[in-house]
Amino acid sequence: MKSMTSEAKVAIVGAGRVGSTLAYSLVTNGSVRDIVLIDASRERAEGEAMDIAHAVSFHTPVSIVPGELADTAGAAITVIAAGAAQRVGETRPELFQRNADMLKRIVPEVARINPDGLLILATNPVDALTYLAVQLAGLPAGRVFGSGTVLDTARLRAELANYFHVDPRNVHAYVLGEHGDSEFVAWSSGNMANLHFDELCRLTGMCSTSEQRSAIEERVRNAAYEIIRRKGGTNFAIASALTKIIEAVLRDEASVFTVSSPVDGHYGIRDVALSLPAIVDRTGVRQVLPVGLSDEEQSRLRASAAAVRKTLESLQ
């Protein structure tokens, strides 16, 4: 059956820091024709849409308007960027509870209004919320997924590019597991210029010790905390990550991203959503690619799954 969605329409639920930056990024990217910005505060959505619309004349023509959930109808993709930010001293289960309540109101309604579109989660804790959204939406597998560790992977590539003084586009490495404190770098599958990191480190004499690698990994894991401490939140990099994912869907690129989606038996893990390399195309998550991991990395992935499952089990 031919989809009734508009391949150039994207709806964004949440006009805060992330949602509004994503809308602007999509305008400058030129890959969409229509953007609907939706927020609990209609005035906020109107203000952001007006401001961004005034920049359109400098870019490819695009329509950006404020709207309601009903306006997600016909969107190729609906991005959920709404939700509360983590408070100082707030536990992840507490944040999950607050944002889960929001998802329960939004996801079933969007799925009912726009059953042919994809749904992408950007709200934290993204892995637990992605798994919940899959249950709430009742859409076919792969049509609901989260931004996962796409941003963390970009941070890792930036760190390694700075470390080795090379273009980050030549660094091929992934951050896997939870988008959060239990995430880890899959060193065993990473390479640069087709050189495995073990060989690269031997040749350069850099990152040759576990202490050096742990320091890089810690900087990646703590990047969000450092940014939040300085400016109150993150928006540019996550908006760029979401823009690339959206572009891959709309152009049917079959690109590989570490998005968050339900894991069905990979590495012996089930009933949880985690970030693993996956092929993303017009259908959403077409296939998860279980990359080779060392025994230690598989153990860390299972620990990450346990952390997300614990968050899920905290839901009241």
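Past the 17 angstrom mark, what percentage of all C-alpha to C-alpha distances in the range 13-115 do you count? In whole percent, the share of Cα-Cα pairs in the range 13-115 beyond 17 Å is 54.
Normalised by residue count, the range 159-202 yields a Cα convex hull volume of 82 Å³ per residue. Our summary gives the chain a relative contact order of 18 percent, counting only alpha carbon pairs under 8 angstrom and 6 or more residues apart.
Here the relative contact order of the range 206-316, from alpha carbon pairs under 8 Å that lie six or more residues apart, stands at 17 percent. For trypsin sites (Lys or Arg not before Pro), no site in the range 120-173 is both called loop by DSSP and has at most 12 other Cβ atoms within 10 Å. What's the carbon and sulfur percent of the chain's accessible surface, probe 1.4 angstrom, rounded to a whole number? Roughly 52 percent of what the probe reaches on the chain is carbon or sulfur. List the aspartates and glutamates whose Cα lies under 13 Å from the Cα of Lys310, skipping any in the same chain that are fewer than 8 positions away. Correct list for Lys310: Glu94, Asp127, Glu178, Asp271. Here's the list of lysines a cross-link from Lys9 could span, going by alpha-carbon distance under 16 Å and ignoring same-chain residues fewer than 8 apart: Lys244.
On the basis of the beta-carbon distance and an R0 of 51 Å, Glu46 and Asp198 show a calculated FRET efficiency of 0.40. Membrane-span-like helices in the chain (whole DSSP H runs, Cα extent of at least 24 Å along the helix axis, mean Kyte-Doolittle hydropathy of at least 0.5): none found. Taking 7 Å steps out from each Cα toward its Cβ at Met206 and Gln298 produces label points 3.2 nm apart.
Between Arg98 and Ile228, the contour length at 0.36 nm per residue exceeds the alpha carbon distance by 44.8 nm. Placing unit charges on the Cβ atoms of the charged side chains and taking the dipole of the chain about its Cα centre, the candidate lying farthest along the positive direction among Gly67, Asn114, Val280 is Gly67.
Of all beta bridges DSSP finds with both residues in the chain, what is the antiparallel percent, to the nearest 5? In the chain, DSSP labels about 50 percent of beta bridges as antiparallel.
The values are calculated or read from the model by the stated rules, or taken from the named source; none is laboratory data. Here the structure is a predicted model, which means the values were calculated and not measured. FYI the Cβ positions are ideal-geometry reconstructions off the backbone, even for glycines, and counts take in every protein chain you see. Only protein heavy atoms, including side chains, enter the accessible area calculation; ligands, DNA and RNA are left aside. Shrake-Rupley method; radii C 1.70, N 1.55, O 1.52, S 1.80 Å.
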